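**Student:** Handing you a structure now.
The values are calculated or read from the model by the stated rules, or taken from the named source; none is laboratory data. Just so you know, these numbers come straight off a predicted model, no measurement behind them. Cβ atoms come from the backbone with ideal geometry, glycine included; neighbour counts cover every protein chain shown. These area figures cover heavy atoms from the full protein model, side chains too; ligands, DNA and RNA do not enter into them. Shrake-Rupley method; radii C 1.70, N 1.55, O 1.52, S 1.80 Å.
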Amino acid sequence: MEQSDVHAETHREVLRAGLDGETGDLLLVNPTAETMQAAVEMYRDGESLPAIKLFADEEPLKALTEDFIIASGIADLVDDGVFEVRTLSAVPRHSLLVTETFVLSFVQGAAGVAGLRTTDESFVADTYEEYSQRWADAEVFSLRTPPLSHVRETLEEDIGPEAVEDFDRILDSLDTAKGDGEGLDEVTISLLVAANNGELLYDISRWGEDIRLASKATFSRNKNLLEEAGLIDTEKVPIDIGRPRLRLLLGDSSLEAAEIEEVAAEAEQRLDSV
């Protein structure tokens, strides 16, 4: 078979080489978290991407999309028509990039990543036909996370531009955003942003529920955890009718004086020990 392999330090470099100049249908089969993250980062950084059919095993895909950074990025790609996502029933050994003209297999090594590529016409045609047929028969994967662009747009409209800036800065400081010891989840980030800007719990939780980020009950539970960890405080704000609402504030003067990235880092540390 004719080979044109790619060797690089990162999945992004291999993916870029594989996608370069391609305009036809592409199937990204059984991608790793690193490969999915690479595609999201390329999109967020403004690189030109062809349309990609993301074909992954359901359980690993669910696990991967528990990370808000990956899930919201993929949701953006789906919303823009760049990605389609379906579930793969039988999983190959490696991650594959399958096109009408070549097949590229991702292989992780000690010194980086290899993209082993073949353009053998018979092999490529058979592989492309197989995965195209499996794709046609596969179920669409339902992402439960809103697109990051929608999160940012509505956060600015409902809460304010300062909140969007804080949200972006926290997200940029994190490698992952799952919660439970793996970065801060999206609800905790939103509450810290609201506290840094003195916003009402009612407003931030209503915004989160309206865009299907999380329920008001989830916001309330996370608020209680942050209070117990001394990360946020609340004060009652009277209203004309009904019970007073709660204004969110950072928990102490050291947090109030810190940059928002430092607040997020402190939150990670304290929540890990709760």
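**Student:** Take ILE239 and tell me if it is of a type outside the set (Lys, Arg) and touching a helix residue (DSSP H, G or I) at 6+ places or on another chain (Cβ under 7 Å). Please lay out each step first, then the result.
**Tutor:** Details: of a type outside the set (Lys, Arg): yes; touching a helix residue (DSSP H, G or I) at 6+ places or on another chain (Cβ under 7 Å): no.
It is false that ILE239 is of a type outside the set (Lys, Arg) and touching a helix residue (DSSP H, G or I) at 6+ places or on another chain (Cβ under 7 Å).
**Student:** If you check SER142 against the conditions, is it within 30 Å of GLY24 (Cβ to Cβ) and either modelled with pLDDT of 95 or more or open to solvent by 30 Å² or more (accessible area, probe 1.4 Å) (or both)?
**Tutor:** Judged against the criteria, SER142 is a match.
**Student:** Which residue, of ALA114, ALA125, ALA51, ALA56, is out of contact with any strand residue (DSSP E or B) (no Cβ under 8 Å at 6 or more places or on another chain) and either hydrophobic (A, V, I, L, M, F, W, C) or farther than 16 Å from LEU15 by Cα (or both)?
**Tutor:** ALA125
**Student:** For region 77-98, how many residues are over 28 Å from THR145 (Cβ atoms) and among the polar types (S, T, N, Q)?
**Tutor:** Result for region 77-98: 0.
**Student:** Any chance you could count how many residues in region 130-166 are over 20 Å from ASN197 (Cα atoms) and of a type in the set (Val, Ile, Thr)?
**Tutor:** Total meeting the criteria: 2.
**Student:** Also, I was wondering about something else. Pick from region 253-274 the residues that are more than 27 Å from the chain's Cα centre (by Cα) and more than 16 Å from ILE189 (Cα to Cα): which of them is surrounded by the fewest Cβ atoms within 10 Å (Cβ to Cβ)?
**Tutor:** Per the stated criteria, the residue is SER253.
**Student:** If GLN133 meets every condition in (1) open to solvent by 20 Å² or more (accessible area, probe 1.4 Å); (2) under 25 Å from PHE83 (Cα atoms); (3) among the polar types (S, T, N, Q); (4) not assigned by the TED database to the domain that holds GLU66 apart from one, which number is that one?
**Tutor:** It fails just one condition, (4).
**Student:** Could you check, for region 111-130, whether at least one of its residues is within 22 Å of LYS62 (Cβ to Cβ) and in a helix (DSSP H, G or I)?
**Tutor:** Within region 111-130 (the criterion being within 22 Å of LYS62 (Cβ to Cβ) and in a helix (DSSP H, G or I)), the answer is no, since none of the residues qualifies.
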